Structure formats: structure tokens, C-alpha cells
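A short write-up of the structure that comes next.
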Amino acid sequence: MDDAAPRKGTVTQRAVEEIKAMIAEGRLEPGRRLPTERELAVQLGMSRSSTREAIRALTVMGVLDARHGSGIYVGALEAGDLLEAFGVVADLSRGPRLVELLQVRRILESAATALAAARITDDQLAVVEAHLAAMNTTDDPEEILSHDLAFHREIASAAGNATMAAILDGLSSRTFRARVRRGHQDQDAFTRTRREHAAIHRALAARDPEAARAAAAAHVGEVEEWLRRHMAGD
């Protein structure tokens, strides 16, 4: 367990929740400097040591920002920073947990792609098409993976939901995708990948949310099903 993560129900955890409440209620705004440790401890009605540990935990989470020689500030609270842990979970997961993560990604990817079909601009669609074209003109696995990631990242951005995009970025991290693809290549994965991405692009170009949802679900679901069969074979 991370030493920076206080156990539920401890005084430190209560201090963490109090500081989070101050931020959520607007008493501490993003970018604002926190009171001194002594002042904050008095406000919270807790010891300085518990307050210090709470600040440390929230700094590790990305909620607070420690600036050397300046003090502790409330972070920007951007979804990508606060949800960075999703990428770590995806990178380290194995077996059934990996299948669970693919299930989550299938649900969110389908929703994001459907939203993107309704909202995508011509410029964004051109970027998606460029990544598809790049995938079709190379057999280099690293290049294909790079454009694959960029293809989905642009679609998630076009969906217009930064939080969903941040979660998907973590679930689709390079290490996670590379690990699944490495074994998947034996079954002509790249040929299928190009075909599935083309179907997603067609649905986006047609501005058809339901077709986009179905194409994205089929794309992730196919990898999910392969992983299930692979695990059963082991």
C-alpha cells in the first residue's frame, strides 16, 4: 500500500476529506495558496501532524501542488492530472483485471465515439482520417500503435467530455495497448485493426452516433473476446 494513502477512518483521512470539502465548496479555489500548516490545523480542529499528512496525501493525488520556497497551492484540478492513476492501473493489471478494464473501456469508448459522431468538426475528422491513412501505409508495429492511440485520442477529444477523455487515455495507455497487441498480432491483428478503424471513421464521417457506437464497441469487444479465449487457453 502507498504510504501516502491514509487508511479510511483515520484522523488523517478526516483531514483529507475536510480539505477536499473546502475545495469543493469554493473556500479554496484552484491556484490559491493554502493557509500555513498551523493555520490550517486550527481551522480543521486537528493536530499539525495529521494536517501535514493530509497535505502530503493530497499532493500525491495531484489535488495540491507543493512549490518549493513558496508554499502549498490548490492544483489546477484538471481531469487528466487527477485521473492519472487509471493509466497506472491499466499498465499493471493482469488476467481477469485486464478483461475488466477492457469492459470499462468498451463502454466508455462506445459512448465517446457516439458523442463524437454528433459533435466532431471537419478539422477533427480530418485528423482522425490522417491517422487512419498513416496506419494503412505502414507495417511498423510501433507506428501503427502510435497512430492507433492518436486516432482514439482525437475521437475522445471530439466527444467534448474532458473527464471521459482523461479516463480513456489512462485505460488506453501505450503500455496497456502494447501488451494486448503483442500477443494479438499472431492472429493478424493489424489487418483487423485497420478494418475496424475504417468502420469507425465511416460512422464519424456520416455523423451517425449509433453506427459509431456499434463500431467502437465491436473494435474493443473483439480484443476483449480474444483476451478471454487466451486466458482460457492458459
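The values are calculated or read from the model by the stated rules, or taken from the named source; none is laboratory data. Keep in mind that what you see is a predicted model, and the values were worked out from it rather than measured. Ideal geometry is used to build each Cβ from the backbone, glycine not excepted, and the neighbour counts take in all protein chains shown. Quick note on the areas: whole protein, heavy atoms, side chains included, nothing else; ligands and nucleic acids left out. Shrake-Rupley method; radii C 1.70, N 1.55, O 1.52, S 1.80 Å.
Secondary-structure-derived ellipticity at 222 nm for the chain, considering helices only, amounts to -23500 deg cm²/dmol, per-run term -39500 (n - 2.57) for DSSP H runs with n ≥ 4. Exposed loop sites were defined as GluC sites (Glu not before Pro) in DSSP loop states (anything but H, G, I, E or B) carrying at most 16 other C-beta atoms within 10 Å; in the chain the longest segment without such a site runs 85-234. For the range 63-135 versus the range 158-177, the spacing of their alpha-carbon centroids is 2 Å. The accessible-area ordering, largest first, of the residues H131, H152, H68 stands as H68, H131, H152, per a 1.4 angstrom probe.
Within the accessible area of the range 19-161, what % is carbon and sulfur when the probe is 1.4 Å and the other protein chains stay in place?
Details: 3880 of 7530 Å².
So the carbon and sulfur contribution to the accessible surface is 52 percent.
How do T137, T51, T12 rank by accessible surface area computed with a 1.4 Å probe, from largest to smallest?
Numbers: T137 115, T51 0, T12 25 Å².
Reading off the accessible areas and sorting them downward yields T137, T12, T51.
Where does each of R229, R194, R94 land when they are ordered by accessible area, with a 1.4 Å probe and the largest first? Provide the component values of the computation, followed by the final result.
Values: R229 120, R194 45, R94 190 Å².
So the residues, ranked largest to smallest area, are R94, R229, R194.
DSSP H helices in the chain with Cα extent of 30 Å or more along the helix axis and mean Kyte-Doolittle hydropathy at least -0.5?
Details: long enough: 95-119 (36 Å, 0.43); 209-233 (36 Å, -0.35).
Both cut-offs are met by 95-119, 209-233.
The Cα-based radius of gyration and maximum Cα-Cα distance (Dmax) for the chain are 21.6, 63 Å.
Between S70 and E210, the distance separating the two model label sites (each 7 Å from Cα on the Cα→Cβ line) works out to 5.2 nm.
Protein heavy-atom accessible surface, 1.4 Å probe, per residue over the chain: 53 Å².
Restricting to Cα pairs below 8 Å that are 6+ residues apart, what does the relative contact order work out to for the chain? Please round to a whole percent. Please report the intermediate quantities before stating the final value.
Numbers: 271 pairs, mean separation 50.5, N = 234.
Worked out over the chain, it gives 22 percent.
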